[in-house]
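Just so it is clear, none of the values below were taken in a lab; they were calculated from the coordinates. As the structure is a prediction and not an experimental result, all values here were calculated from the model. Note: ideal-geometry Cβ built from the backbone for every residue, glycine included; neighbour counts use all protein chains shown.
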Amino acid sequence: MDRFSWSNGLLEINETLVIQQRGVRLYDGDDKAKLDVGVALLSTHRLIWRDVKNHECCIAMPLSQIVFFEEQAAGIGKSAKIVIHLHPVPANKEPGPYQHSKVSYIKLSFKEHGQIEFYRRLTEEMNQKRWESTPVSQPIHTGTGSQAGKTRAVGIVGIERKIEERRKETDKNISEAFEDLSKLMVKVKNAVVFIHFPAKEMVELSRSIANKIKDKQGDITEDETIRFKSYLLSMGIANPVTRETHGSGTHYHMQLAKQLGDMLQAPLEERGGMMALTEVYCLVNRARGMELLSPEDLVNACKMFESLKLPLRLRVFDSGVMVVQLQSHSEEEMIASALDNVSEKGSLTAEEFAKLLGLSVLLSKERLLLAEKMGHLCRDDSVEGLRFYPNLF
Amino acid sequence: MSFEWPWQYNFPPFFTLQPNVDTRQKQLAAWCSLALSYCRHHKLYTLDVMEAQESPVFNNKKIERKLSMEAIQVVFEELRKKGNLEWLDKNKSRCLVMWRRPEEWGKLIYQWVSKNGMVNSVFTLYELSNGDDTEGEEFHGLEDWMLLRSLQALQTEGKAEIITMDDGKGVKFF
């Protein structure tokens, strides 16, 4: 509670109100604060609380002060709460209702509900960190002072701080590791095992790594950069759909299909709009880490693409090979591109075609066979293997 | 005059039986015409399937492709359907190739006869196929069985009658 300062309750110039909720009581740690029930306001920069009767009584705290927060469900005779863990008090903090408090967390108790939406908006703000991009005219003091890391702490805060430190170390490691790319691979793997980055942060991280690699180029080819980027991007789904979270049966498969739709879009575009189901299976399970998916569940989820109107489709070739493809990925285009490539080279085997398009041999063969079926190509089956020619007959 | 190969002959897929129905039809049509024109150029009337596989028609040494036995059978069967081929045995190992059907031959012979004003005269079969008068005509050197067939075709049209003579057969044109 000692992180709060007195405030006039007015928003600064660049500050915007995000949400406000009546009937919120503050807790200093596990104890009720000596303040009454009031209104909790969340702005882009601060968490503000105002007494419901006495409007003069208003306190605020910068969002940068927050380490992390969690929900606490309601119980019998107990309102739902949000527990907010805080950084240590900054040195130049303005005075507030509490001079000193023993614990470094507060609770917001929602007497009149609304905690779900409040929690959601708080999460959003904490992810966007808008207070960083648009600083208010009057500087708001942050808690991450120089002495922050040196303070000894035990319990949850200690763990949090360790996580924070480890994250910083990872950052440092990444920079270091550019001396040796293979070392980096090992380190990144560790980072994934130990730290659960929010998905967005992960993407940013991988992007910055990819950029750094690009700068270094020289001995690293474009191809490797892309592969490395996709390696990073394909890591970690923040909250995978599991049987535990969504039950079993149709609902589970539907949710799974939606998640697949989100995560497969980018890899599919990079691979020319089509991936073999086996490839999808590997990619998805690598991303899910511990919550592995069974092949049946994957197939069932893929079968839902169409009914859910997702931009993906499961396609079964005549040979029984199953692929996931983008809906925009039309058959005519596929055949036309196959014909173009074959005409250009005179003749192609499935292997050569695969190399040309960066596809798997299996898929490139399916495309050639499809074009043959439509009468655009013809085959030469000799001891040298199966070659496809433009259909000149 | 050397035989002129069609463009397909140097196109490797020509030697693989195409799975696509439409493509296969065009391919077979090309094979039929190649086989017939080759036989016609070399005046071949009978073919042995085993030998045919080694003959240049079905074996292009330049591009190292040859038509498989099954494919040759398919081509021959196609020719048979069109009336250009007849099997000589049940095993389908030897066949008669009629790059011109008997009726067509008959027509040619009759044209020659009427052109030379020899309607109503009698010829021996030998005279027709090997006589000095027919030298330079397309049916010169026609094999006996083929000649007889074409004359039979003419006979059904009422343009000729085959007569048996002491030392063979003869024909009278009307």
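Figures for the structure shown
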quantity	calculated
Cβ-based exposure ranking for B:LYS159, A:LYS53, in which fewest neighbours within 10 Å come first	A:LYS53, B:LYS159
Cβ-based exposure ranking for B:SER2, A:SER382, in which fewest neighbours within 10 Å come first	B:SER2, A:SER382
Förster-model FRET efficiency, 41 Å R0, B:SER121 and B:LYS82, C-beta, rounded to 0.05	0.75
Candidates B:GLY117, B:GLY131, B:GLY106: whichever shows maximal mean-square fluctuation once chain B is modelled as a Gaussian network with Cα springs under 10 Å	B:GLY117
Length gained when the stretch A:PHE68-A:LYS309 is fully extended (0.36 nm per residue, less Cα-Cα span)	83.1 nm
Modelled FRET efficiency - R0 60 Å, A:GLN327 with B:GLN73, Cβ distances, 0.05 increments	0.85
Cross-link table A:LYS32/A:LYS102; A:LYS258/A:LYS303; A:LYS32/A:LYS78; A:LYS102/A:LYS129; A:LYS78/A:LYS111, entries beyond 18 Å C-alpha to C-alpha	A:LYS102/A:LYS129
Diffusion constant of chain B at 37 °C, which comes from Stokes-Einstein with the Kirkwood Cα-pair radius and 0.692 mPa s, µm²/s	184
Loop sites in the stretch B:1-103: trypsin sites (Lys or Arg not before Pro), DSSP, at most 15 other Cβ within 10 Å	B:LYS43, B:LYS61, B:LYS62, B:LYS82, B:LYS90, B:LYS92
GNM top mover of B:ASN20, B:ASN130, B:ASN60 - chain B, alpha-carbon springs below 10 Å	B:ASN20
The stretch A:274-330: trypsin sites (Lys or Arg not before Pro) in DSSP loop, at most 12 other beta carbons within 10 Å	A:LYS309
FRET efficiency for A:THR250 and A:GLU56, using Cβ-Cβ distance with R0 set to 60 Å, rounded to 0.05	0.60
Difference of contour (0.36 nm per residue) and Cα-Cα distance, A:ILE159 to A:LEU362	68.2 nm
Distance between modelled label sites at A:LYS93 and B:ASN91, nm, 7 Å Cα→Cβ extension	10.5
Distance in nm between pseudo-label sites at B:GLU138 and B:GLN111 (7 Å out along the Cβ direction from Cα)	0.6
Peptide B:23-34 - average C-beta neighbours from other chains (10 Å radius)	2
Surface/4 of the Cα convex hull for the stretch B:11-60, nm²	3.7
Pair B:ILE162, B:PHE3: separation of 7 Å Cα→Cβ label points (nm)	2.9
Ascending count of other beta-carbon atoms within 10 Å, so fewest first, for A:CYS302, B:CYS39	B:CYS39, A:CYS302
In the stretch B:58-148, the GluC sites (Glu not before Pro) that fall in loop regions by DSSP, at most 10 other Cβ within 10 Å	B:GLU135
